[in-house]
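This report concerns only the one structure given below.
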Protein chains: 2
Amino acid sequence: MISLADLQRRIAQGDLSADGAIAQSREAIATHENKIGAFVCHDPQIGAAKAGPLRGIAVGIKDIMDTADFPTEMGSVIYKGFRSRGDAAVVMALKAAGASIIGKTTTTAFASSDPTATLNPRNTAHTPGGSSAGSAAAVGAGMIPLALGTQTGGSVIRPASFCGCAAIKPSYRLLPTVGVKCYSWTLDTVGLFAAGVRDLAHGLAAMTGRNELLPQATVPTPRIGVVTQDFAGAPEAAGAEALRIAAKAAERAGASVRTLAMPEIIAVAWRAHPDVQEFEAHQALAWEYRENYDAMAPNLRGRLDESKGIKPAVYDEAMRITAAARAALTKIFEEVDVLLALSAPGGAPKGLGSTGDPRYNRLWTLMGTPCVNVPAYVADDGLPVGVQIIARYGDDAKALAAARFVEEALARG
Amino acid sequence: MISLADLQRRIAQGDLSADGAIAQSREAIATHENKIGAFVCHDPQIGAAKAGPLRGIAVGIKDIMDTADFPTEMGSVIYKGFRSRGDAAVVMALKAAGASIIGKTTTTAFASSDPTATLNPRNTAHTPGGSSAGSAAAVGAGMIPLALGTQTGGSVIRPASFCGCAAIKPSYRLLPTVGVKCYSWTLDTVGLFAAGVRDLAHGLAAMTGRNELLPQATVPTPRIGVVTQDFAGAPEAAGAEALRIAAKAAERAGASVRTLAMPEIIAVAWRAHPDVQEFEAHQALAWEYRENYDAMAPNLRGRLDESKGIKPAVYDEAMRITAAARAALTKIFEEVDVLLALSAPGGAPKGLGSTGDPRYNRLWTLMGTPCVNVPAYVADDGLPVGVQIIARYGDDAKALAAARFVEEALARG
């Protein structure tokens, strides 16, 4: 993979030109893209900006985000050839920081669950996950140092886990969703994919102008609570192994690590997530669903068919549960700095029939808390499995610092 | 003005066809539009839908909301001729309820403060207010029974006050903003304009499928707290008179009415509103501001120039204040059912140089509470002044019921 932080350092030291850094991505795309299929379109001529902390950084943008310079097709024939007038707010944030938008990455239709043709760069017989399939695969394949995705259920953290790269789903609305196709306004969260945790921190700090997110010289030793999410079912063997290894490595590195039982309201919130998601999706995708029914991707259409007529009272109750669960979770963060949980049940499923299961992700999307994926284990089939480090809402700097602690602990073995 | 509830009743009783109701709006537009200029474009051929609670209801849509059948030009040359692919979620909600989208109404550029050419239907020498200028003027002039607007500072309640119609800014996100151009995601709220409070209730209930919003047979007598908003400065004479008359009428009708002092955090939140608004606007309008600077409307551009470089820490503190103020306000609603406050400092300003002052509105937008404008007083120059009834977040039914109580009390004189 291409490290964003390494590129920044080499450019700053004069060892690499910004244009040279972009050229490295252009060449990597020329090498890998035919096999992986991570991009909907890309610009083989793009150069570097003159200034900014992200000059020389080639970025892939999930194809549900508006871009003035590329079509935005939402992974759906309904938006074939659609051109937005302007750039999404996060695309402008990247440009203002000097990044080069090198192309649009594949997405399941409207960021739901209908698989794309993108292959997993670690084992091409497997899915890269979704919905941010192309962004995870492009970073995981070493084509680009940074990509943007979105998560409504588990669409950032899960594909990062499957493709073996780092990713952050920041606190809700730390990054704006203006110009990003909506599925559920309470859940949709823009996230970043990069080679490692430091790379994420540099990328997010540059996009937000929040220097407190930058990696600090010393990494504090966190108090970690392990959450097994039993309400979401048991993991596969590879998943259980990833969580065990990460917890052990953190403990060996000096962290206090203990398994935390979650209060019942947390499990109730996990069950309520689909009610929030589908009630809002019926409004957010009303034009697509009602006026383009036959052109809708089948999984998404089926999900909307099943939840059709969901009542406002069901949604209101789900939102009440959400508020109560968020309050309960805030209390838990008085006892520990961060939580450690699985990013996915196991390695990426075989074939392209499914993008995998978001059951270990959706709670944290509903809670709005920052989550960082760190690759923790690689199974015999070459498929990685990640763990996620979760901090209190608004504490993205702490999530990144603790994720770096776990990443370094795992590297020491 | 055309009453939505009256049209519904006559259509249901067979006294009027749904097409006949639409024809009434088409004719009213033909009569008044040349003088008022409330529409950017409209469809003189549109007919009625076959079914739905809003069949026969012609609706005007503020031109920052996506419509598949009309251009969406945001009140700015930057979006000249722009066609969205689909309809905004609220437009689809109207269509699903059987309404006919008759046209797009004028808006200040990106719903900020640069005046449109629309005239006030009560006195054409005056502004109709903004930013939802065309929607307020079209309903106030009796051209259409229902129109949609948005409020970020005071863009629904203030123009309704100036144009003498009823309006509701519902609880934050009761109506989705998907497909509505964003200025500030924490503040932007879709609202409705109609002839009276019953009309608003029928419109909002049909759009949301929430029958609890429909007018009840008996109107409960509310406990009312009058809020003078001294932190926002003193009103003009006409404004003070409107608030005095409304409070007196409610008291005479049997309501308990008392003036409430607001805790200091409420005034602090009022002052923090611009920090939330402009910090988010710099991201939401980044493409427009940075890549189309010369084409930006001057007031909006000036506002963004002034707030350029606003720091994340300032925004974070404003959001912290907002959360504290919302909690304090929730406590106040343990003592009273609703608050009564001015909708604007006085009547609509003369000329088209300014859309008026949102200083009595912005606090309630930041609080996310439902607000209903009720016309309360007409000055000698023919210009109306309204009052707003404000309920607890999520209590839109109570806001509408209390507004109806005040409206009926004022009608009895």
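The values are calculated or read from the model by the stated rules, or taken from the named source; none is laboratory data. What you are looking at is a predicted structure, and each value in this text was computed from that prediction instead of being measured. Cβ: placed from backbone, ideal geometry, glycine included. Neighbour counts: every protein chain shown.
Descriptive notes on the structure:
- When A:R362, A:R326 are checked against the criterion of being of a type in the set (K, R) and within 14 Å of chain B (Cβ to nearest Cβ), a single residue qualifies: A:R326.
- Test: residue in the range B:16-37 that is of a type outside the set (K, R), farther than 22 Å from A:E288 by Cα, without any contact (Cβ under 8 Å) to a residue 24 or more places away in the chain and outside any helix (DSSP H, G or I): no
- When restricted to residues that are over 20 Å from the mean Cα position of the chain (by Cα) and either of a type in the set (S, T, N, Q) or modelled with pLDDT under 95 (or both), the range A:1-45 contains 9.
- The range A:294-323, subset over 26 Å from the mean Cα position of the chain (by Cα) and away from chain B (no Cβ under 13 Å), residue surrounded by the fewest Cβ atoms within 10 Å (Cβ to Cβ): A:D294
- Check on B:T152, within 14 Å of chain A (Cβ to nearest Cβ) and of a type outside the set (K, R): yes
- Residue match in the range A:336-344 (condition: part of a loop (DSSP other than H, G, I, E, B), closer than 20 Å to A:T152 by Cα and of a type outside the set (S, T, N, Q)): yes
- Being crowded, with 19+ Cβ neighbours inside 10 Å, under 22 Å from the mean Cα position of the chain (by Cα) and within 14 Å of another protein chain (Cβ to nearest Cβ) is a property that A:L214 lacks.
A quick yes/no check of all residues on (1) within 14 Å of chain B (Cβ to nearest Cβ); (2) surrounded by 24 or more Cβ atoms within 10 Å (Cβ to Cβ); (3) out of contact with any Phe, Trp or Tyr (no Cβ under 7 Å at 6 or more places or on another chain):
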residue: A:T108; (1), (2), (3): no, yes, yes
residue: A:M143; (1), (2), (3): no, yes, yes
residue: A:C165; (1), (2), (3): no, yes, no
residue: A:T189; (1), (2), (3): yes, yes, no
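- Evaluation of A:G130 against (1) surrounded by 24 or more Cβ atoms within 10 Å (Cβ to Cβ); (2) touching a Phe, Trp or Tyr at 6+ places or on another chain (Cβ under 7 Å); (3) small (G, A, S) (one fails), failing number: (2)
- Qualifying residue in the range B:373-387 (condition: under 30 Å from B:T218 (Cα atoms) and of a type in the set (D, E)): no
- So B:K350, is it surrounded by fewer than 24 Cβ atoms within 10 Å (Cβ to Cβ), over 16 Å from B:F193 (Cα atoms) and in contact with a His (Cβ under 8 Å, 6 or more places away or on another chain): yes
- A single member of A:G203, A:G179 is at pLDDT 95 or above, at positive phi and either touching a helix residue (DSSP H, G or I) at 6+ places or on another chain (Cβ under 7 Å) or within 14 Å of chain B (Cβ to nearest Cβ) (or both), and it is A:G179.
- Sole exception among (1) within 28 Å of A:Q13 (Cβ to Cβ); (2) charged (D, E, K, R); (3) in contact with a strand residue (DSSP E or B) (Cβ under 7 Å, 6 or more places away or on another chain) for A:R55, by number: (3)
- Flag if B:A160 is under 23 Å from B:D395 (Cβ atoms), hydrophobic (A, V, I, L, M, F, W, C) and either within 14 Å of chain A (Cβ to nearest Cβ) or out of contact with any helix residue (DSSP H, G or I) (no Cβ under 9 Å at 6 or more places or on another chain) (or both): no
- Scanning the range A:367-413 for residues that are of a type in the set (D, E, K, R) and in a helix (DSSP H, G or I) yields A:D396, A:K398, A:R404, A:E407, A:E408, A:R412.
- Verdict on B:G103 being modelled with pLDDT of 95 or more and either touching a helix residue (DSSP H, G or I) at 6+ places or on another chain (Cβ under 7 Å) or within 11 Å of chain A (Cβ to nearest Cβ) (or both): no
- Some residue of the range B:74-85 being over 21 Å from B:P298 (Cβ atoms) and touching a residue at least 40 places away in the same chain (Cβ under 8 Å): yes
- Any hit, the range B:258-270, residues being on the phi < 0 side of the Ramachandran plot and within 14 Å of another protein chain (Cβ to nearest Cβ): no
- Selection of the range B:258-282 for residues being surrounded by fewer than 20 Cβ atoms within 10 Å (Cβ to Cβ) and farther than 30 Å from A:P176 by Cα yields B:R258, B:T259, B:L260, B:A261, B:P263, B:E264.
- Scope the range B:222-234; condition within 14 Å of B:T259 (Cβ to Cβ) and assigned to a loop (DSSP other than H, G, I, E, B); matching residues: B:V227, B:T228, B:Q229
- Among the residues of the range A:271-284, those that are of a type outside the set (A, V, I, L, M, F, W, C) and more than 13 Å from every other protein chain (Cβ to nearest Cβ) comprise A:R271, A:H273, A:P274, A:D275, A:Q277, A:E278.
- Within the range B:330-338, the presence of at least one residue that is farther than 19 Å from B:Q229 by Cβ and either surrounded by fewer than 21 Cβ atoms within 10 Å (Cβ to Cβ) or within 14 Å of chain A (Cβ to nearest Cβ) (or both) is confirmed.
- Among (1) away from chain A (no Cβ under 14 Å); (2) farther than 15 Å from B:T186 by Cβ - the single one B:W287 does not satisfy: (1)
- Flag for B:R122 being buried (at least 17 other Cβ atoms within 10 Å of the Cβ), touching a Leu at 6+ places or on another chain (Cβ under 6 Å) and modelled with pLDDT of 95 or more: yes
- Count of the range B:48-99 residues which are within 11 Å of chain A (Cβ to nearest Cβ) and more than 24 Å from the chain's Cα centre (by Cα): 6
- Only one of B:D87, B:D69 that is at pLDDT 95 or above, assigned to a loop (DSSP other than H, G, I, E, B) and crowded, with 19+ Cβ neighbours inside 10 Å: B:D87
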